[in-house]
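Structure, as structure tokens:
Each reported figure results from applying straightforward, stated rules to the coordinates on display, with no laboratory input. Predicted model, so just to flag it, every value in this text is computed and none were measured. Here Cβ is always computed from backbone atoms with ideal geometry, including for glycine, and neighbour counts include all displayed protein chains.
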Amino acid sequence: MRDIQAVRFIKAYVGTEGVMINGEKKALGIWNGELRTYGGSQGGFQGIAISALDKDVTDAFWASPWLCDVAGMRSVFRPQYTDDFRYFDSIYHARRVRENVNVHIISGLGDYVCPPSGVVALYNALKASATLEFYQGMTHTYDSEKGPLTKYHK
């Protein structure tokens, strides 16, 4: 909710609606209607949620998004699994990303924090136009210097 509130503020302040700041209505009026989400790991998780919940998102880039397919996730970087934990699963948010959003996802085949199997499940859940790239030798904290090993398009 904090992320959605931040997006609402940005759209109002940068747009034409305006927000009250110190008793004065301020609006820059420069928003062109495009809204992009970018993020890696937990930032990717947040970007997925924003992309699902805000109708104005036009483009999204998520690098090794976190919390994908929690029921099947085998990682040391998540709490003990319960059925309630599925509520936070990025896959459920991905299903709500609108078809007109252009999505680009990258994942490292050696990522043990955000396993590529969960990222594939996220990709498959999207209705939006999407590109998924896998990088050989890329872990969660190390970027591969080589180009993508495999690239998929929807």
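In a fully extended conformation the segment linking Arg36 and Arg95 would gain 19.5 nm over its present Cα-Cα distance, using 0.36 nm per residue. With contacts taken as Cα pairs under 8 Å at a separation of at least 6 residues, the stretch 34-153 carries a relative contact order of 24 percent. Going by neighbour counts of Cβ atoms within 10 Å, the residues Ser107, Ser41 line up, fewest first, as Ser41, Ser107.
Ordering Lys127, Lys26, Lys55 from the fewest to the most neighbouring beta carbons within 10 Å gives Lys55, Lys26, Lys127.
Between 0 and 90 degrees, the angle of helix 116-125 with respect to the longest Cα principal axis of the chain falls at about 50 degrees.
The gain in end-to-end length when the Phe88 to Thr139 segment is fully stretched comes to 16.0 nm, 0.36 nm per residue minus the alpha carbon separation.
A simple count of charges around Ala52, restricted to other residues whose Cβ falls under 12 Å of its Cβ and scoring Lys, Arg +1 and Asp, Glu -1, yields +2.
When the Cα atoms of the chain are enclosed in a convex hull and the volume is divided per residue, what value in Å³ results?
Spelled out: Cα convex hull of the chain, divided by residues, is 132 Å³.
Counting only alpha carbon atoms, the long axis of helix 2-14 and the longest principal axis of the chain meet at about 40°. Pairs from the list Lys25/Lys127; Lys26/Lys55; Lys127/Lys151 with a Cα-Cα gap above 29 Å: Lys25/Lys127. Computed as a quarter of the hull surface, the mean projected area of the alpha carbon convex hull for the stretch 1-68 stands at 4.9 nm².
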